[in-house]
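Worksheet for the structure shown next.
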Amino acid sequence: MTELRRRGGGGGDPDSTENISDKEADGDDKLTFPGEGEGEMEGDSKADTPDVPPSTDNTPQCLNKALEGLSSRWKNWWIRGILSLTMIIGFFLIIYLGPIMLILVVMGVQIKCFHEIITIGYRVYHSYDLPWFRTLSWYFLICVNYFFYGETVADYFGALVQREEPLQFLVRYHRFISFALYLAGFCMFVLSLVKKHYRLQFYMFAWTHVTLLIVVTQSHLVIQNLFEGMIWFIVPISIVICNDIMAYLFGFFFGRTPLIKLSPKKTWEGFIGGFFATVVLSFFFAYLLSQYQYFVCPVEYNSETNRFAVECEPSNLFMIQEYTLPAVVQNAVRWKTVNLYPFQIHSIALSSFASLIGPFGGFFASGFKRAFKIKDFADTIPGHGGIMDRFDCQYLMATFVHVYIASFIRGPNPSKVLQQLLVLQPEQQLSIFNTLRNHLRENGMLPPAVEEAQ
C-alpha cells in the first residue's frame with residue numbers, strides 16, 4: 001500500500017500542497033477524459049476521445065473464399081445470415097439440454113459481456129497504469145454473482161439447503177457475507193487511490209459498477225424468469241432475435257428513411273416492418289409452446305431425484321379459453337369467438353415492447369460505442385461483433401419480463417412459502433398450523449368430520 005502512495009508523489013505534503021496537487025490532477029484528467037473539452041460538439045468525432053484498437057476481421061477463411069465475388073454489402077448479409085442461423089440452432093440445442101445448461105449459458109454470456117465492457121475501459125485508459133483496476137473489477141463481479149446466485153439458491157433450492165448443514169449457515173448469513181465481501185473490495189479501492197489520478201480512478205470505479213448494474217443484475221433477472229417456466233425465458237429471447245432479424249431484412253430490402261442518428265443504418269421501414277412481423281410470429285410461437293408441459297411448468301428442484309423437475313398441472317394461462325371478438329372484428333372476419341391460450345395475448349404485449357422499446361437498448365449501446373469511436377464491443381462473432389452487441393436489447397427485455405410477471409402474472413408461490421415454513425422453529429410452525437386451521441374453519445373449508453379427526 002505504501003508503495004502505491006509513493007507513486008502518487010510522496011506522503012508528507014501539507015494540506016495546502018495536497019489540495020493544489022489534487023486540482024492539478026483534476027485538470028490533467030479533464031484534458032484527456034472524453035467529452036469534457038471544448039471539442040465536444042454535435043459531432044463526436046471532434047471530441048478528444050482516447051483511441052481504442054480497431055477490431056480485427058475474424059471471419060472464417062472458408063466463408064471469405066466462398067463469398068469473395070460479392071460486394072461488401074451482400075457479403076456482410078450472407079455472413080450475418082449464416083452466423084445467425086448457426087446461433088439459432090445452437091440456442092435450440094441448449095434448450096433441449098435443459099434448465100441447468102441454460103443457467104450455465106446465461107452465466108457464461110454475462111461474464112463475456114462484462115469482460116467486453118471492462119476491456120474497453122482498460123484499453124482506453126491503459127496508459128495511466130491504474131493500480132488494481134482489472135483485479136477489483138473482477139472481484140466485484142464475483143461478489144455480485146455470489147449475492148445473486150446465493151439468493152437463487154435460498155429461493156429455489158430450499159429442500160437441498162435443509163439437508164446440507166454448511167448451506168444452512170451460508171443461506172442464513174448470506175447477505176451479511178455478501179456485504180462483507182463487498183466492503184473488502186471497497187476498502188481495497190480506497191487504499192489503491194493514487195495522486196494525480198483520483199478523478200480517473202473514481203470514473204473507473206463508476207464504470208465497473210454501472211457495468212455490474214447493466215450486465216449482472218439483469219442477467220440474474222433472466223434466470224429468475226427461467227424459474228417461472230421456460231416459456232418465459234424462451235419466448236422473450238426469441239422475440240428479440242426475431243425482431244432483430246425482421247428489422248434487418250425489412251431495412252436491407254426496403255429501407256430508405258433513416259430512423260435515428262445514433263444508428264445510421266436503422267430505418268423507419270425496418271422498424272415498422274420488424275414490429276408487425278414480430279407481433280405475428282410471436283403470437284404463433286406462443287401458441288406452439290403453450291401446448292407443452294415442458295415449457296409452461298415452473299422449473300423446480302426435486303430433492304428426491306436431485307434434479308430439476310418441469311412437471312405440473314398447467315395454469316389457466318396455458319389452457320385454451322374462448323374469447324368473444326369485438327363487433328367491428330366480427331363483421332370483418334365473420335367470426336364471433338376465437339379459442340386462444342391467454343399467454344398468446346400476453347405475447348402481444350411482450351412482442352410490442354421488444355419491437356418498440358427494446359431497440360432503444362441497441363441505440364444506447366450505439367451511443368456508447370460512438371463515444372469511444374469503436375464499431376463493436378468485440379470481434380467474437382463474425383459479422384455481428386461481440387456478445388454484448390447481440391445482447392444489448394436482451395437485458396432490457398429481461399427486466400421488462402420480470403416486472404411484467406411480478407405485476408400481471410405471478411401470485412403467491414406455495415412452494416416458496418412451504419420452504420420458508422420448514423426453516424422455522426417447531427413451536428412457530430405449530431402456531432402457524434393452528435392459525436391456518438382456524439382460518440379454514442371460519443371459511444367453512446374444513447368439514448366438521450375433518451375437524452373431529454384433527
Item to check | Tally of residues being part of a helix (DSSP H, G or I) and surrounded by fewer than 18 Cβ atoms within 10 Å (Cβ to Cβ) across the range 151-166 | outcome: 10
Checklist entry - Any idea how many residues of the range 218-273 are out of contact with any strand residue (DSSP E or B) (no Cβ under 9 Å at 6 or more places or on another chain), surrounded by fewer than 22 Cβ atoms within 10 Å (Cβ to Cβ), outside any helix (DSSP H, G or I) and not charged (D, E, K, R)? => result 2
Checklist entry - If Leu130 passes every condition in (1) part of a helix (DSSP H, G or I); (2) of a type outside the set (Val, Ile, Thr); (3) in contact (Cβ under 8 Å) with a residue 40 or more places away in the chain but one, which one does it miss? => result (1)
Item to check | Among the candidates Gly383, Gly411, residue that is open to solvent by less than 40 Å² (accessible area, probe 1.4 Å) and either at pLDDT below 85 or part of a helix (DSSP H, G or I) (or both) | outcome: Gly383
Next on the checklist: Quick test for you: out of Val280, Val310, Val329, Val299, pick the one residue that is out of contact with any helix residue (DSSP H, G or I) (no Cβ under 9 Å at 6 or more places or on another chain), surrounded by 13 or more Cβ atoms within 10 Å (Cβ to Cβ) and closer than 25 Å to Ile239 by Cβ.
Outcome noted: Val329
Next on the checklist: Can you say whether Phe343 is touching a helix residue (DSSP H, G or I) at 6+ places or on another chain (Cβ under 6 Å) and either without any contact (Cβ under 8 Å) to a residue 60 or more places away in the chain or among the aromatic types (Phe, Trp, Tyr) (or both), as far as the supplied structure shows?
Outcome noted: yes
Next on the checklist: Name the single residue that is modelled with the lowest pLDDT among those in the range 65-84 being more than 33 Å from the chain's Cα centre (by Cα) and surrounded by 10 or more Cβ atoms within 10 Å (Cβ to Cβ).
Outcome noted: Ala66
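The values are calculated or read from the model by the stated rules, or taken from the named source; none is laboratory data. Quick caveat, the model's predicted, so the values are computed rather than measured. Cβ atoms come from the backbone with ideal geometry, glycine included; neighbour counts cover every protein chain shown. Note: accessible area is taken over every heavy atom of the protein model, side chains too, but ligands, DNA and RNA are not part of it. Shrake-Rupley method; radii C 1.70, N 1.55, O 1.52, S 1.80 Å.
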